[in-house]
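**Student:** I'd like to ask you about the structure that follows.
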């Protein structure tokens, strides 16, 4: 327990920032790929916005928030993959049923690091955060409702937790950036459907959610520009 509690103290602020930037660059690299330019942007832009928020929070000395967001947005699944790989050992063949690839190992290391860092703060009891009501929280609730009806409860929770984390640590700007990340794939999906001639083949629900997503994007971009203008 002492080992976990003191884990965050092993790294200087400078080293922690380097680690966060390295993990962020690696995460961004994983998002590359797609059948066409719009598919590529649909995957890349949301992760890019998350990384902007993560690095911004880290540089703002909100290291716990940066680690939490990386954990929930990119490496939660890596923990499950690690457990599945470890428990796939077959005593009869004396081998693992899951192939231990380099990406699996790297992701597992990152997952363990993030988990230990977060637990270190939790056990230390010195982390301070507070979620206050305001326009950004209201926007987050509206966005959660949108995600819930479009994607279901589980995905809605995963998409809304990161902006709430940023907001709880006092960063409205990065909370808005993370809200934008949740819907930033929509314009590229729209362009892809237009180019492929599939736009008029969608259901009414698609057009309804499209219109609402574009409204959320407009609101988020406007709010970001307003925050930047105040600096």
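Each value in this text was obtained by applying a stated rule to the coordinates, not by laboratory testing. Only a predicted model underlies this, so the values are computations on that prediction, with no experimental measurement involved. FYI the Cβ positions are ideal-geometry reconstructions off the backbone, even for glycines, and counts take in every protein chain you see.
**Student:** Quick one: compute the contact order of region 2-229, relative version, from alpha carbon pairs under 8 angstrom and 6+ residues apart, as a percent.
**Tutor:** Relative contact order, region 2-229: 24 percent.
**Student:** Can I ask one more? Please find, in a Gaussian network model of the chain (springs between Cα atoms separated by less than 10 Å), the residue of 186, 20, 195 whose mean-square fluctuation is greatest.
**Tutor:** 195
**Student:** Moving to a separate point now. I need the peptides 117-123, 130-136 ranked by packing, meaning the mean over residues of other C-beta atoms within 10 angstrom, with the highest value on top.
**Tutor:** 117-123, 130-136
**Student:** Measuring from the lowest to the highest alpha carbon on each principal axis, how far does region 1-74 reach, largest first, in angstroms?
**Tutor:** Principal-axis extents of region 1-74 (Cα, largest first): 49, 25, 17 Å.
**Student:** Right, something else. Please work out the Cα convex hull volume for region 58-171 and give it in Å³ per residue.
**Tutor:** Convex hull volume per residue, Cα atoms: 133 Å³.
**Student:** Let me ask you something else. Please say if the chain is rounded, prolate or oblate, where rounded means a/c under 1.5 for a ≥ b ≥ c the square roots of the C-alpha gyration tensor eigenvalues, and otherwise the choice is prolate for a/b larger than b/c and oblate otherwise?
**Tutor:** oblate
**Student:** Rounded, prolate or oblate: pick one for region 187-231, where a ≥ b ≥ c are the square roots of the eigenvalues of its C-alpha gyration tensor, a/c under 1.5 means rounded, and failing that, prolate if a/b is larger than b/c, else oblate.
**Tutor:** The shape class here is oblate.
**Student:** Per-residue counts of other Cβ atoms within 10 Å, averaged by peptide: what ranking do you get for 138-145, 4-11, 199-206, highest first?
**Tutor:** With the highest mean Cβ count within 10 Å placed first, the list reads 138-145, 4-11, 199-206.
**Student:** What ranking do 178-184, 40-46, 52-58 get when scored by the average of other Cβ atoms within 10 Å per residue, highest first?
**Tutor:** Per-residue Cβ counts within 10 Å, averaged per peptide and sorted highest first, yield 178-184, 52-58, 40-46.
**Student:** How big is the shadow of the Cα convex hull of region 138-209, averaged over all directions, in nm²?
**Tutor:** That works out to 5.1 nm².
**Student:** So for region 23-78, averaging the separation of alpha carbon pairs under 8 Å that are six or more residues apart and normalising by length, what relative contact order in percent results?
**Tutor:** 28
**Student:** Take the alpha carbon atoms of region 39-86, find their center, do the same for region 182-231, and report the distance between the two centers in whole angstrom.
**Tutor:** Computed from Cα coordinates, the inter-centre distance equals 22 Å.
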